[in-house]
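J.: Here it is: the structure, laid out below.
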Ligand SMILES: [Ca+2]
């Protein structure tokens, strides 16, 4: 049983990631769902999370492991409503629909709980309310970063994985607040970044790193506690000494390079996602997502979508036991001040060029940014190899809908 915290900004592919986790109740134990702004505002993300959990509870899960499993009330905490160090917020409503769930609240309004706004307006009162037994979640009173730390401190060290599928503000804030407590985490699995592919938020940046680049830079910097070289200039320093004692944090990144390789075709999806009221609801939600992903000139049988966040769940499920999932360690740094490149994942692409020992004292001049000394930068594990796209589609569809619709 894997203990996980899901940090999310629901979001269509976040909804699929949640469905995937919930359809495997014998494999995953959810310690916390922490919410952040991202695809849409925090307020709407809360509405979406509530609706997703409520719908799954109401309509029931079709997953093979879900037979006979009662829906358990899940702990949920509210987090960042904006980037850590900026007022300005971006969203991806153009991609996920104005409500972040592909128009689901209009098409299936009866599944949107009527009290969501009241709860959001006064979460403290809602956390105390006797009515909470009727909800699919228990709303926790403290902000997400505190609840994340509380889980990490109450569980055995190295036993809880954080699956971070939104902008990284909650995670970075937890790490900055209590580095020792945070370093008890087993692994942080992050959906984010674009390394050798174009971005999807600007030409260079993936949406999650673009939405809060400083937070991403801080989380990536946790992989190398020797110094704070990769922390963006001007940010409050936090006590890296603690990380020096505890060792680096294991961060695994699933950038667009890997998530886009694991696409699902519209045919595969529609063949699989059927046969239940829940499937009808999900199909409606993903219809707009497929349309947004459509490339000009594509024919109907070529339509495909990338369920980025759900792929993080697949990795988390198999990471410990399946050696065909391979990570490559990279010194990835996030651009936080560029006029056109904000949120870009920077990599040193120069041919290997080690500074001779005799010139080391001049290395800052010879190599601004000190990219050539592998002990000084970040050491992010980038998911590089998996069992393959077909295996992903088969595994995902089988868990959710008990079908295998991979195109032969
Ligand atoms: Ca997301």
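A quick yes/no check of all residues on (1) more than 22 Å from residue 314 (Cβ to Cβ); (2) surrounded by fewer than 23 Cβ atoms within 10 Å (Cβ to Cβ):
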| residue | (1), (2) |
| --- | --- |
| 3 | no, yes |
| 32 | no, yes |
| 42 | yes, yes |
| 52 | no, no |
| 58 | yes, yes |
| 79 | yes, no |
| 90 | yes, yes |
| 113 | yes, yes |
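J.: Counting only residues that are over 21 Å from residue 253 (Cα atoms) and in contact with a helix residue (DSSP H, G or I) (Cβ under 7 Å, 6 or more places away or on another chain), how many does segment 150-162 have?
T.: Matching residues across segment 150-162 total 1.
J.: What pairs come out if I take residues in segment 2-13 that are within 26 Å of residue 105 (Cβ to Cβ) and pair them with residues that are more than 14 Å from the ligand (Cβ to nearest atom) and assigned to a strand (DSSP E or B) whose C-beta lies under 8 Å away, six or more apart or interchain?
T.: Between residues of segment 2-13 that are within 26 Å of residue 105 (Cβ to Cβ) and residues that are more than 14 Å from the ligand (Cβ to nearest atom) and assigned to a strand (DSSP E or B), the close pairs are 6/30; 6/32.
J.: Another question about this same structure. Which ranges mark the strands (runs of 3 or more DSSP E) fully within segment 1-113 that have 2 or more residues being within 25 Å of residue 393 (Cα to Cα)? Full working, then the answer.
T.: Details: elements: 2-8, 28-35, 74-78.
Fully inside segment 1-113 and qualifying: 2-8, 28-35.
J.: Filter segment 156-191 down to the residues that are within 16 Å of residue 4 (Cα to Cα), part of a loop (DSSP other than H, G, I, E, B) and more than 16 Å from the ligand (Cβ to nearest atom), then identify the one that is modelled with the lowest pLDDT.
T.: Step by step, filter segment 156-191, then rank; the result is 183.
J.: A follow-up question, please. Select from segment 301-354 the residues that are assigned to a helix (DSSP H, G or I) and more than 16 Å from the ligand (Cβ to nearest atom) and list them in ascending order.
T.: Applying the first criterion (assigned to a helix (DSSP H, G or I)) to segment 301-354 yields 301-302, 308-318.
301, 302, 317, 318, listed by residue number.
J.: So which residues in segment 21-48 are in contact with a helix residue (DSSP H, G or I) (Cβ under 8 Å, 6 or more places away or on another chain) and within 13 Å of the ligand (Cβ to nearest atom), if there are any at all? Give the steps one after another, and end with the answer.
T.: Our first condition is that a residue be in contact with a helix residue (DSSP H, G or I) (Cβ under 8 Å, 6 or more places away or on another chain); within segment 21-48, this holds for 21-28, 30-40, 43, 46-48.
Matches in segment 21-48: 33, 34, 35, 36, 37, 38, 39, 40, 48.
J.: Another question, if that's okay. For the list (1) touching a residue at least 60 places away in the same chain (Cβ under 8 Å); (2) closer than 20 Å to residue 77 by Cβ; (3) crowded, with 16+ Cβ neighbours inside 10 Å, I need the number of the one condition that residue 142 fails.
T.: Status for residue 142: all satisfied but (3).
J.: When residue 57 is evaluated against the numbered criteria (1) out of contact with any helix residue (DSSP H, G or I) (no Cβ under 7 Å at 6 or more places or on another chain); (2) under 25 Å from residue 207 (Cβ atoms); (3) more than 16 Å from the ligand (Cβ to nearest atom), which criterion, by number, is the only one it fails?
T.: (2)
The values are calculated or read from the model by the stated rules, or taken from the named source; none is laboratory data. What you see is a predicted model, and the numbers here were worked out from it, not measured in a lab. Neighbour counts run over all protein chains shown; Cβ positions are idealised from the backbone, glycine included.
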